[in-house]
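Notes follow the structure.
We did not get these values from a lab; they are worked out from the coordinates using the rules stated. All figures in this text were calculated on a predicted structure; none of them were measured in a lab. Here the Cβ is made from the backbone with ideal geometry for all residues, glycine too, and neighbour counts use every protein chain on show.
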Amino acid sequence: MPENIDTLLKESRLYRPSAQTMAAAHIQDYESAYKKSIADPEGFWSDVAKELEWFTPWSKVLEWNYPWAKWFVGATCNITYNCLDRHAKTWRKNKVAIIWVGENDQERVITYGELYRQVNRCANALKRLGLIKGDRVTIYLPKVPEQIVAMLACARIGVIHSVVYSGFSAPALASRIQDAEAKLVITADVGFDRGKVLNLKQVVDQAVANSPTVVRVVVLRRQTPAAPLSGPKEIDWHDWLKDEKAVCEAEQLDAEHPLYILYTSGTTGKPKGVVHVHGGYMVGTYITTKYVFDLKEDDVYFCVADPGWVTGHSYIVYGPLLNGATILTAEGKPDYPNPGRWWNLIERYGVSIFYTTPTAIRLLMRYGEDWPKKYDLSTIRILGSVGEPINPEAWEWFHRAAGGDKPIMDTWWQTETGSILITPLPTVPLKPGSATRPFLGIEADVVDSAGNSLPANAGGFAVIKKPWPSMMRTIYKDPERYKTYWNTIPNCYTAGDICHKDEDGYMWFMGRADDVIKVAGNRLGTAEVESALVSHHSVAEAAVIGKPHKLVGESIKAFIILKQGEVESPALIQSIKDQVLHELGKIAVPSEIDIVPSLPKTRSGKIMRRVLKAKELGQDLGDISTIED
Ligand code: PRX
C-alpha cells in the first residue's frame, strides 16, 4: 500500500451556475441538503425509496453486517415495475421512452406503452423456454433496442442478466458465460463498427461450443436475407416473441434478489462478476439520475455509453426509465461517418442532457471546434462526463464546444458502486477537473492506508465510509474477493483510486492506486501528469508510466498522441516537457516521451497503463482480453 500521494495540479477556475440552471434545479441548496442527508442517511434513502413503488414495504432500511449489507429488508419489489408499469399506467404510456438511431441512421422510436409490451412478450418467451427466477442469461448484443428489452425481460421474472459487451472476443465471452453458468445466450447475427460488419454470431458459436450450460441461443437477425440458423439450439428472435402475450406480471421479488451480474476486469486475474440487486440499485440509480442531471419530463437525455458497461446499465436503461425519461441511444462511434456525429444527433433530436466520456471528448478535440460549431446545440441544458478523470483542458473544451455556459457533471463512480457517488449537482459551483462533492447520503473521504483522514490537498485513497443502497452485494461466486473492497482500509469501502480534497472539500481524482509513479520519493498520480501533457496545444492524448530508475526509484515515461496536423520534432518534445515543468514542476517532467499513433485502451475507453508498462519493460502482458485493439 503506497503512502501519501503528492498533489501538484493547481486549478483555480470556478464556474457558478447560471440563473436559469438555478431556477430549474431539483436541489437548490446542495450544502444543506447534503448535511441533512448524512445526519440521517437511512432516513434520506428511505424517503427516496418511497418515491418508487413496492409490493410490500420494508421492515428495516438497512441491515449492516460488515461488510455485508441488506437494504430495504423484507420488502418486495421489481425494478421493471418501476421502469415500465408505473409509466404505462399513466399518461406516459404514449411518451417516447427510447429513440434509437442505428449506425446507418435507421431510426426506431419506442413509447413506454410499446416498451412495456415488448418486454412482457420477451419475458413470456423466457418463461416458455423454462427459465425461472435465479437462472442466468448472457446477453451479447450490439447496441440495439432488443438489448434493453432483453435485460428488462429477464429482470421482470427474476432471471439474472449478464450483459457482455459485444466487442469481446470468444474466449472472453466464454469465460463470462461459464462463470455465470448461463442457460441461454441472446445475440445478433452482426454488429456494426465504423461501417465494418462484425460477425457476432461466429463469436457466440465459438464461445457456446465450450459452454455446456447453454441450452438455447436466441439470434436477432439484422441482415437481409437472414443467414440460416445453424442448429436446433437456435431460435430467431422474432419467431421467439411473435405469439407471446403482451402482458406478463412483474415477479414480486425480495428487494435483495439479484438483478444482474456485470463482469469487470481487475488489473490481473479473472474478471469479477459484480452483483447488483433489485431494491437498492433501483433507489440509487433513480435518484442520482433525477438529481445529477436535473431530469425533467420534457428532457431528451442522450447517454453515449453501451449497455454492455455499467454506465449503460445505470444511465441508459435503469436510471432514466425509472424516471420516465425520453432516452436517445445511438449505435456507433463519435467520429463515424464524421466527427460531427454526436453534435448532429443533438441538433436533430433536441437533446437537453448529454452524458459522455473524457476519452470521447479528447477524440473530438483532435478534430477541432469547427465540428460542433456547425450544429445548433442550444437545446443542451446539462452535460455529463464519466469513466476517467477529465483533465481541465478537455473540460474547458467540452464546456465551450457544447454551448459555453452549460454545467458539466463530472460523475465519479464504478461498476461496483452501481450509481454515481461523487458528483456535482447542477447548482454546485464547478472547478474544471474536479468531480466536486459526494452525492446526498454518501459519506466520502480521502485517507491514508490506516484510514486516517488526510488534510486538504494531501493525496490518498478515496473511500466511502458507510454502505449505500446501490453498492454491489458480492462478487459472484467469490465472496472473499468482495471482502477485499471493505477490508483493505478498515471499515471503509476502498475504490482503488487516489484522490485529494481541496480546501473547499472538492475531490480531485488522480488515477488508480496501482498506477502511482514514485519519483525521488514523490508519489504522483498519473492523471495529473497526463493532464499537464494534454494542456500543451499540440497534444491530443497522453499516458504515463513509471520505469525503474537506479537513482530516483522511478522515472516517468510518456506516450503521446499528437493533434491532427502536428509533426514530431525535438523542439516540440522540449516544449511539451516545458509545459509540464510550468504546470507541475520539475519532479513531474517525463524523462522520455514517445509519440505514438494510438494507446492501448479497454473497450470502454480507459487507457491500460499496465500494458504500456509491461511492453516497455519486456514483461508478460497479462490478461488483455479487455483490450480494444
Ligand atoms: O478510476 C475510476 C474511474 O473509473 C473507475 C471505474 O471504472 P468502471 O467500473 O469501468 O466504471 C466506469 C463507469 C462508472 C473508477 O475507479 N472513473 C470513473 N469515473 C471517474 C473516474 N475517475 C475520475 N473521475 C471520474 N468522473
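Give me log10 I(q)/I(0) at q = 0.11, 0.13, 0.21 Å⁻¹ for segment 516-616, Debye formula, one equal scatterer per alpha-carbon, no solvent. Values, matching the q order: -0.30, -0.42, -1.10. Projecting label points 7 angstrom from Cα along Cα→Cβ for Ala227 and Gln28 puts them 5.9 nm apart.
Given Lys290/Lys477; Lys290/Lys483; Lys36/Lys272; Lys70/Lys272, which pairs have Cα atoms separated by over 25 Å? Those over the limit are Lys290/Lys477; Lys290/Lys483; Lys36/Lys272. Quote the FRET efficiency, to the nearest 0.05, computed for Glu297 versus Tyr375 with a Förster distance R0 of 25 Å and r equal to the Cβ-Cβ distance. Efficiency computed from Cβ-Cβ geometry: 0.50.
DSSP finds beta bridges in the chain, and of those with both partners inside it, around 60 percent are antiparallel.
What does the charge dipole of segment 225-272 about its Cα centre add up to, to the nearest 20 debye, if the Cβ of each Lys and Arg holds +1 and the Cβ of each Asp and Glu holds -1?
On the way: 5 positive and 9 negative charges, 83 e Å.
So the magnitude is around 400 debye.
Excluding same-chain neighbours fewer than eight residues apart, the lysines reachable from Lys93 by a Cα-Cα span under 19 Å are Lys245, Lys296.
Think of segment 19-441 as a dipole: +1 on every Lys or Arg Cβ, -1 on every Asp or Glu Cβ, centred on the Cα centre; then among Phe293, Ser37, Val218, Val218 lies furthest on the positive end.
Only aspartates and glutamates eight or more places from Lys518 in sequence, or on another chain, were considered; those with a Cα closer than 13 Å are Glu3, Asp6, Glu554.
Modelled spin-label separation between Lys586 and Thr213, with each label point placed 7 Å from Cα along the Cα-to-Cβ direction: 5.8 nm. Stokes-Einstein diffusion for segment 147-203 at 4 °C, viscosity 1.567 mPa s, with a Kirkwood radius from C-alpha pairs, works out to 104 µm²/s. Would you mind estimating how fast segment 223-362 diffuses translationally, via Stokes-Einstein at 20 °C and 1.002 mPa s with the Kirkwood radius over Cα pairs, in µm²/s? D = 118 µm²/s. What distance in nm lies between label points placed 7 Å from Cα along the C-beta direction at Asn457 and Glu51? Going by the 7 Å Cα→Cβ label model, 3.8 nm. Over the Cα atoms of the chain, the radius of gyration divided by the Kirkwood radius equals 0.95; this is the Rg/Rh ratio. Taking every DSSP bridge with both residues inside segment 255-405, close to 40 percent are antiparallel. Using a Förster distance of 35 Å, how high is the FRET efficiency between Trp91 and His238, based on the Cβ-Cβ distance and rounded to 0.05? Approximately 0.70, to the nearest 0.05. Note on Glu11/Tyr66: beta-carbon distance plugged into 1/(1 + (r/R0)^6) with R0 of 25 Å gives a FRET efficiency of 0.10.
So which of Lys406/Lys586; Lys143/Lys183; Lys196/Lys563 end up more than 32 Å apart, counting from Cα to Cα? Intermediate results must be reported in sequence, preceding the final value.
Details: Lys406/Lys586 35 Å; Lys143/Lys183 22 Å; Lys196/Lys563 25 Å.
With Cα atoms farther than 32 Å apart: Lys406/Lys586.
For segment 247-326 and segment 48-120, what is the centre-to-centre distance using only Cα atoms, to the nearest Å? Here the answer is 9 Å between Cα centres.
Rounded to the nearest 20 debye, the dipole size of segment 516-616 about its Cα centre is 560 debye, using +1 on the Cβ of Lys and Arg and -1 on the Cβ of Asp and Glu.
Taking packing as the residue-averaged number of other Cβ atoms within 10 angstrom, the listed peptides 152-161, 98-107, 19-28 run from highest to lowest as 152-161, 98-107, 19-28. Taking packing as the residue-averaged number of other Cβ atoms within 10 angstrom, the listed peptides 280-286, 429-435, 61-67, 43-49 run from highest to lowest as 280-286, 429-435, 43-49, 61-67.
Among residues other than Lys431 with Cβ under 13 Å from its Cβ, the summed charge is -1 (Lys and Arg +1, Asp and Glu -1).
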